[in-house]
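Each reported figure results from applying straightforward, stated rules to the coordinates on display, with no laboratory input. This one's a predicted model, so the numbers in the text were calculated from it and none came from an experiment. No Cβ is skipped: glycine too gets one built from the backbone with ideal geometry, and neighbour counts run over all protein chains shown.
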Amino acid sequence: MTVRTRFAPSPNGQLHLGHAYAAIVAHDLARARGGEFLLRIEDIDGTRSRAALVPEMLADLDWLGVAWDGEPVFQSERLGSYAAAGEQLKAMGLLYPCQCTRAEVLAAATQPGPDGPVYPGTCRGREVDPDKVPGGAAWRLDMAKAIAMVGPLTWTDEIAGVQQARPERFGDVVLLRKEAPASYHLAATLDDAAQGISLVTRGADLFASTHVHVLLGRLLQLGAPLYHHHRLLVEAGGNKLAKRRGSPALADMRRAGEDGRALAEAVRELRFPAGIWLGSGVEDRP
Ligand code: GLU
């Protein structure tokens, strides 16, 4: 089977060196194995997504010499598939409507989870009419029920090896949201399957999310890709690079006339600007 990887940026901010590293890892793993490298634009975060950033991102990749196969897939064009999967999970009795506000969730949560405080299940078993929730209900996965339905699950990371799936640490995650048509977990799982991704490469900060994706993949009978969670670029203090902390945008370097292909070569050789290095990966893996 041909290896197929992808780079899936969210146009919430400009790409920086950490994104360049992620794109190059995905691209080079595919090319080294005679496979394909696809692009997906994760543009369904209605409050943060900015369409104007997309052509900039494509220009950045081009500038780096990172060429993708086929046409980029836009999540905003796949809403029907997310809704259909949501209906399927509802029909399986695995989703329930939640009317809690963000503040109520924070106030009621007692345990920390990989994505923030774990929802204590306030609306599970409550009679919530989704049509009467102001702004619309959020649909949550009944995690215990879902896990009981599929039984023990494993998944494989090329670097970290075989993992026992532990999605329970997330609690009842939201899969369909008020302000967005699908959560990252649902959309990414469906898209990786729809794009035929056989090797999901992404940063180690998303390692824990894979436990949820593997569960969703099994519930929706989507097949099981292999994973490759790579180390993250970090800066002083061990924080992952972030545009808001001042990591320069690729677009600014591009406009300043810097050589993108030379930058990509430096990244491949793990030569980074002063103050930036590759983290161990372990501390990023909740
Ligand atoms: N859109 C996510 C991000 O920009 C990446 C998601 C993924 O690779 O699964 O961090």
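Setting aside same-chain residues fewer than 8 positions from Lys240, which lysines have a Cα under 23 Å from its Cα?
none
Quote the convex hull volume per residue of segment 70-109, based on C-alpha atoms, as a whole number of Å³.
Here the figure is 134 Å³ per residue.
Taking R0 as 30 Å, what FRET efficiency do you get between Asn12 and Thr101 from their Cβ-Cβ distance, rounded to the nearest 0.05?
Using R0 = 30 Å, I get an efficiency of 0.85.
First select every other residue whose beta carbon is under 10 angstrom from the beta carbon of Lys145; then total the charges, Lys and Arg +1, Asp and Glu -1. All intermediate terms of the calculation are to be shown ahead of the outcome.
On the way: positive: Arg124; negative: Asp142, Asp172.
Counting the neighbours of Lys145, the net charge comes to -1.
I'd like the Kirkwood hydrodynamic radius of segment 136-213, using the inverse of the mean 1/r over distinct C-alpha pairs, in Å. If you can, show how the numbers build up before the last one.
On the way: mean 1/r = 0.0732 Å⁻¹.
With all distinct Cα pairs of segment 136-213 included, I get 13.7 Å.
Calculate the translational D of the chain in whole µm² s⁻¹ from Stokes-Einstein, where the hydrodynamic radius comes from the Kirkwood formula applied to all Cα pairs, the temperature is 4 °C and the viscosity 1.567 mPa s.
65 µm²/s
Counting Lys +1, Arg +1, Asp -1, Glu -1, what net charge surrounds Gln75 among other residues with beta carbon under 10 Å of its beta carbon?
-3
When ranked by the protection proxy of mean other Cβ atoms within 10 Å per residue, highest first, what sequence do the peptides 100-108, 262-270, 247-255, 226-234 form?
Listed from highest to lowest mean packing, they are 226-234, 247-255, 262-270, 100-108.
So how much slack lies between Ala51 and Glu127, counting 0.36 nm per residue of separation and subtracting their Cα-Cα distance, in nm?
Once the chain is fully extended between Ala51 and Glu127, it gains 23.5 nm.
Over what distance in Å are the Cα centres of segment 167-186 and segment 1-63 separated?
First find each Cα centre; the distance between them is then 22 Å.
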